[in-house]
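Notes to accompany the following structure.
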Amino acid sequence: MSRPLCVIVGVGPGNGAALARRFHRGGYAVALLSRSTTFTAELAQELGDAWAYACDVGDATAVSEAFDAISADAGATPSVLIYNAGSGAWGNIEQTTSETFELSWTVNTLGLFHCSKHVIGAMKEAGCGAILVTGATASLRGGANFTAFASAKAAQRNLTQSMARHLWPSGIHVALVVIDGVIDIPRSREMMPDKPDDYFLRPADIAETFYRLAEQPKSAWSSEVDVRPFGEKW
C-alpha cells in the first residue's frame, strides 16, 4: 500500500467523518473504528482505501483483534492514530452513578491506553508517527454537572501529556486538541435553533487542525491546541 495509514477511533457523522475525509484527501488510507459499522461501512465505501471495524475500546481483546484486522487488511502499520472516542453523561455528584462514572473513564481514558499500545511499537521502530487526541474544556475545569465527563477528560489529558513526554524523543508526536464549544451537527442545531452560524465549531475545520498537527515539523511541535469559534467569549 502506497498511502500512509491513519487509524481513527470513534467515527460518527460529525468530527469522526470529517477527520476521515480530511486525512483521506491528504493522502492517507483510513481505518475507521466505532461501536458499530452501520455508518462507517458506508463511509469507507465512499472514500475507498478505507476499512470499517466494530470495536469496544474498553475491551482490550476487542481492540487487539481490531488492530490485527487493520494490519491484515491495510498491509501497513499506522502512521497516525486519532483517538476521537468519547462518552459523556451529565449530572452532579449526587446524580451520577458509579456505572456512568466508570463508563466515561473507560471510553475516554482506558480506550486511549488500549489503542496507543497497538501503534507505539511500530512508530518507534519507524522513528516517526503521531497520536492525536480529541480533548475537551472539561479537562481543564470541572463544572457542577460534569462529574463523570470532566474527571474522565482530565485523566485523558494527563495520560496524553505523560505519553508525549515519553514518546516525543522517539519521534512520535503526541498532542491533545481541546475542543471548547458546541459542534455544528444536526442535533446541536435542533437544540439551539436561535444560535448564529458562528456560535458553532464546524467539524471540517476541527479536522483541518488535526491534519495540520499531524504534518507539523518536529522542530516546532504543539503539545496542546485549543479550538473554539472565533466569536465565543472565553
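Odds and ends about this structure:
- Zone of A76's modelled label, taken as backbone nitrogen in the stretch 1-27 under 16 Å from a point 7 Å along Cα→Cβ: 1-8, 20-27
- Across the stretch 15-32, computed HN-Hα scalar couplings (Karplus, 6.51 cos²θ - 1.76 cosθ + 1.60, θ = phi - 60°) run 4, x, 5, 5, 5, 4, 5, 5, 5, 5, 4, x, x, 9, 6, 10, 10, 10 Hz from first to last residue, x flagging Gly and Pro.
- Tensor-based shape of the stretch 124-177 (alpha-carbon gyration tensor, a/c under 1.5 rounded, otherwise prolate or oblate): prolate
- With at most 16 other Cβ atoms within 10 Å, longest stretch of the chain clear of loop trypsin sites (Lys or Arg not before Pro) (DSSP): 36-140
- Restricting the stretch 61-134 to GluC sites (Glu not before Pro) in coil, as DSSP defines it, with at most 12 other Cβ within 10 Å: E94
- Charge sum, other residues only, whose C-beta stays under 13 Å from V30's C-beta, Lys/Arg counted +1 and Asp/Glu -1: +1
- Prolate/oblate/rounded label for the chain (Cα gyration tensor, a/c 1.5): rounded
- Overall Cα dimensions of the stretch 2-120, principal axis frame, Å, largest first: 53, 26, 21
- For the stretch 1-54, the square roots of the Cα gyration tensor eigenvalues, ordered a ≥ b ≥ c, give a/c of at least 1.5 with a/b greater than b/c, which places it in the prolate category.
- Mean-position separation - Cα centroids, the stretch 34-84 and the stretch 168-200, in angstrom: 22
- Greater than 24 Å apart at Cα, pairs in K117/K218; K153/K218; K153/K195: K153/K218; K153/K195
- The magnitude of the dipole of the chain, with charges of +1 and -1 set on the Cβ of Lys/Arg and Asp/Glu and taken from the Cα centre, is near 580 debye.
- Theoretical ellipticity at 222 nm over the chain - DSSP helices of four or more residues, -39500 (n - 2.57) apiece, nearest 500: -12000 deg cm²/dmol
- On full extension, the segment bounded by H166 and V227 gains 19.5 nm, given 0.36 nm per residue less the C-alpha separation.
Taken together, the values in this text are just the output of simple stated rules run on the coordinates, not laboratory data. Predicted, not measured: the structure shown is a model, and the values here were computed from it. Here the Cβ is made from the backbone with ideal geometry for all residues, glycine too, and neighbour counts use every protein chain on show.
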